[in-house]
Structure formats: structure tokens, C-alpha cells
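Reviewing the structure listed below.
The values are calculated or read from the model by the stated rules, or taken from the named source; none is laboratory data. Quantities reported herein were computed from a predicted structural model and do not represent experimental measurements. Don't worry about glycine lacking a Cβ; one is built from the backbone with ideal geometry, like all the others, and counts go over all protein chains shown. Quick note on the areas: whole protein, heavy atoms, side chains included, nothing else; ligands and nucleic acids left out. Shrake-Rupley method; radii C 1.70, N 1.55, O 1.52, S 1.80 Å.
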Amino acid sequence: MTELSRLLLVRHGQSVGNIADDEARAAGAHRLDLDYRDADTPLSDTGFTQASAVGAWLADLPEEHRPTVWLTSPYRRAADTAAAALEAARLDATLLTDERLRERDLGILDGFTGHGIRDRFPEEAERRDRIGKFYYRPPGGESWTDVVLRVRYLLTDLRQQYAGERLCVFSHQAVIMGFRVALEQMAEQDILHVDRADPLPNCSVTTYRHGGAALELERYADTTAVERAAAPTTREGSAADEDGR
């Protein structure tokens, strides 16, 4: 099979939804105080700072490691992260959009905290506990396995269209975890352990390189770019079960 040369997966910068989620959890609220639909949730000021830090880091990459193809989720927080990073890197590049990179759809549970789900939708909370986070699909939404499926389809297309190219993808937490499942053949218990033990920071970079017959993980959740710029490193807590905005 044809293969990519390198693959960089960048999680979007901190969004106002991430902040609203933290505040709702701290207050024990049922819902996030957020007026945006998920697709339109913007970056926070910190998120833009993190995105610019990634751009500066990308500009300093050796030529043989610098991406040649740029893709983003259509969701505003990811697309704005990509645009800010490219601007900071001063790279004249075409940014492509693919809806398969969008965040996981939470259906009727969108906007609710775990506390709110247990109070408002006790049957769904019980079903989620019984089925498990990996396979649970909320009404009108997606399971993690649904996300993995669209990532697998996307990878097939990318390998055919961009064989030998170096790709940079700006996306979301659940999607990047889906890439790990698809590329590393990770089992349910393994990916959930990673998600609990090492939550994916905003604007972290996960890198794969071509090795032998397949892409091999080089770095996971690398925050070098953000730390080098002395920007804040932000992430959801390990207890978070509703994927972050």
C-alpha cells in the first residue's frame, strides 16, 4: 500500500468551550454556559497564543520534516488554529478542509456536563456505564468507534492522494485518538487508558513517520511548541467524558 512520509496531528488551541466546560464542572452545573453551536465555538485568547506558538515551531522544522500538505477540520476552533499557525509560520500554503476531521458528535448530550447527564438522562448515563465509553453512542450522536471508522476512510484517501507527502492535520481530541487506534491497532482498553492517563493538551502535536511498511508513532501529545513560547499548556481533566470543545 502507498504510504505518507510523515503525519503531524495538531489538536486545536484552547477554545471558549474548553473554558466553559471547566467552569461548569467546577460549579457542579448541569450545562455549559455557551451560546455557540459546537461547530462555531471559537478559540480563546490563550488558544490563539498557543496556535501562534505552533506556527513558530513549524517554521523552525528542518525542510525535510516540514509539512507539504495542510488539512483542517471545518470546525471553527480547528480552522482558526490552522490559519493562525500558518500565519505565524509565514508559510504560503493552501489549507484544505475535510469534514471527516470534525469533532465527535455528542447528539442530545451536547452541552451537558457529566453531572447534568446523570440528572437529566439517567437512562443514558446507565447505558453509557454499561456499554463503555468506546462503544457508547448517544442518541443522535457518535461513538468513539464511529469516529475511528471515518478516520480509517480518511486515511485510505490520504494515502492514495498524497503518497510520499508530509501532512499536517488540525483536528480534535477524539479524532486524534481515532488516528491512534487506526494507525497503531490499539485495543479498547489501551486507548481508554491513554485517554485517562495522558489527556491530550491543546495545540499538542502527535507525530508519525514512515518506517518500513507503515507509519510509526514518533511523539504523542508533544507540547514543545507551546512550552517554548512560554504559552499556557491547557487540557481537560482525566475525568472528562464529554469530548472537549
From phi via Karplus (6.51, -1.76, 1.60), per-residue ³J(HN,Hα) for segment 10-17 in Hz, x at Gly/Pro: 10, 6, 4, x, 4, 9, 5, x
Cα-based Rg / Dmax (Å) for segment 86-148: 16.8, 51
Percent RCO, i.e. relative contact order, over the chain, from Cα pairs under 8 Å lying at least 6 residues apart: 32 percent
Förster-model FRET efficiency, 41 Å R0, A213 and R118, C-beta, rounded to 0.05: 0.35
Low-density loop cleavage sites - GluC sites (Glu not before Pro) in segment 27-107, where at most 15 other Cβ are within 10 Å (DSSP): E63, E64
Centroid-to-centroid separation of segment 52-88 and segment 12-42 [C-alpha atoms, Å]: 24 Å
Whole-number accessible area per residue in Å² for the chain, which is evaluated in the context of all protein chains at 1.4 Å: 44 Å²
Built amide H within the under 5 Å cut-off of E218, gap 5+: T207, Y208, R209
Segment 152-178 and segment 203-222: distance between their alpha carbon centers, rounded to Å: 12 Å
Quotient of C-alpha Rg and 2.2 N^0.38 Å, computed over segment 8-140: 1.25
Accessible carbon and sulfur surface of the chain relative to its total accessible area, %, 1.4 Å: 45 percent
Relative contact order of segment 1-126, pairs being alpha-carbon contacts under 8 Å that are 6 or more residues apart, as %: 29 percent
Cα-based convex hull volume of the chain per residue, rounded to whole Å³: 114 Å³
The chain, helix-only ellipticity at 222 nm - DSSP H runs n ≥ 4, -39,500 (n - 2.57), divided by all residues, nearest 500: -13000 deg cm²/dmol
Whether segment 15-70 is rounded, prolate or oblate, judged on the alpha carbon gyration tensor where a/c under 1.5 counts as rounded: prolate
Residues A230 and A83, FRET efficiency given R0 of 25 Å [Cβ-Cβ distance, rounded to 0.05]: 0.65
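How far, in nm, would the chain grow between D198 and R130 when pulled straight, counting 0.36 nm per residue and subtracting the alpha carbon separation? List each step's numbers first, then the result.
Working: separation 68, 0.36 × 68 = 24.48 nm, distance 2.37 nm.
Extra length from D198 to R130 when fully extended: 22.1 nm.
Between H65 and D157, what is the FRET efficiency for a Förster distance of 25 Å, r being their Cβ-Cβ separation, to the nearest 0.05?
0.60
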Extension gain (nm, one decimal) between D92 and E165, 0.36 nm per residue minus Cα-Cα: 24.6 nm
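Could you work out the local net charge near R66, counting Lys and Arg as +1, Asp and Glu as -1, over the other residues with Cβ closer than 10 Å to its Cβ?
In short, -1.
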All-pairs alpha carbon distance profile, segment 143-245, 5 Å steps from 0, percent: 2, 11, 21, 25, 20, 12, 7, 2
